Structure formats: C-alpha cells, structure tokens
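The values are calculated or read from the model by the stated rules, or taken from the named source; none is laboratory data. Keep in mind the model is a prediction, meaning the values are calculated, not measured. Here Cβ is always computed from backbone atoms with ideal geometry, including for glycine, and neighbour counts include all displayed protein chains.
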Amino acid sequence: MSLPNFDGGLLPSGDHVLTVDELRKSFLVTGEGVDASGWDSNWRAQLVDNLELFVRQFWRVGVERIFVNGSFVTAKPRPGDIDAYFECEVGQYPRIIIGLLDLEPPLPWDLTRRPIDPDSGDPKPVMWHVYRVEIVPHFTDHPQPTGIRDDTGRNLYFPSLFRRDRDTGQPKGVIQIIRE
C-alpha cells in the first residue's frame, strides 16, 4: 500500500493502513521523495523496530486497532519518538495488561510510572525512556479526555488529538498498523 506524499509537512488527513513492513519501507522511514535535509532514516527505522516489539505483543493478547502518530508522521527529519494509541473497552484493559506483562520478551508496559524526561521536563512512561515509543489506551466505550484542548476549548480524545497537528491545529493523517 502506498502513502500519499506530505502536504505542507504533514501526512494528509485520513487513516492510512499499513503493515509494519510496509511502514518500514515507506518514505516515512526511507525519506524517499521527502524534501527535508538531515532525514535520519536509520533513527526512523530503529523507531519502527521498537514499535514492532510492542505491536506484536498487542496482537498476541488480541488487540488489533493500533494507530501511530506524532512527529514521526511529519516531515521532521529526526522525530523524538513514536506516539501511538490502541483501542479497547475498559473491561478488556486489565486482561490486556496482565497478558502483556506475562509475555516474553518483557517490555515496560507500566504506564503509571512516569520518570521525568530531562530534556523537556515532561513525565514519560518507562517504555518511552527505553524505546522512544509511547502507546496509550483509548477506551472505545468510555473515552477519556487527554487534557489537551482545541482552539474552541473543547477537550480532545486520542482519535481527534492524533488527527491534528499539535502546533498548527491542521488536520493530519495517522497510520493504522495491521497484521501482515
């Protein structure tokens, strides 16, 4: 599957469905056709490799809907991380977390411990400090506001937050990761 080219430095609006392998081969990693100096394809490939560790474990516990965003889906030559969310119902979440904690290799699934990032001063989960991947749940039956508001003051939920540029508020696309 092919991705549309950046529009003003952003992935065009919409949910763009890719496997991990397709993401790895896309211009989001390779930089092919991207007019951005200093494109760090090695770093972007490492971020995808790290993301894949988490995605494969999600699949093993039955989570299918995973969405990738952040500066990774922009023309920023070296994104700081990959941001993602997964969909589930509130009642499924304990089973999912318990299942994830039982898998090998052990990954830092604890979202409650949030050491401070020394560069930004923001609290980040351990998974981010180790893998530069941050994946949060979006409860489809009981959505939780993110605490981030749009320009009208409305509190955003992860699906709407991920589909707009943090700096400009412009619509942007996300990557939905699917199985091969």
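Taking region 47-77 as the region of interest, how many residues are more than 14 Å from the chain's Cα centre (by Cα) and at positive phi? The qualifying residues number 1.
For region 43-95, residues that are in contact (Cβ under 8 Å) with a residue 40 or more places away in the chain, buried (at least 18 other Cβ atoms within 10 Å of the Cβ) and of a type in the set (A, V, I, L, M, F, W, C) total 15.
Considering each residue of region 152-170 in turn, none proves to be at pLDDT 95 or above, among the aliphatic types (A, V, I, L, M) and crowded, with 16+ Cβ neighbours inside 10 Å. Counting only strands (runs of 3 or more DSSP E) that sit wholly inside region 66-140, those with at least 2 residues that are modelled with pLDDT of 95 or more and over 22 Å from GLY9 (Cα atoms) are 82-88, 133-139.
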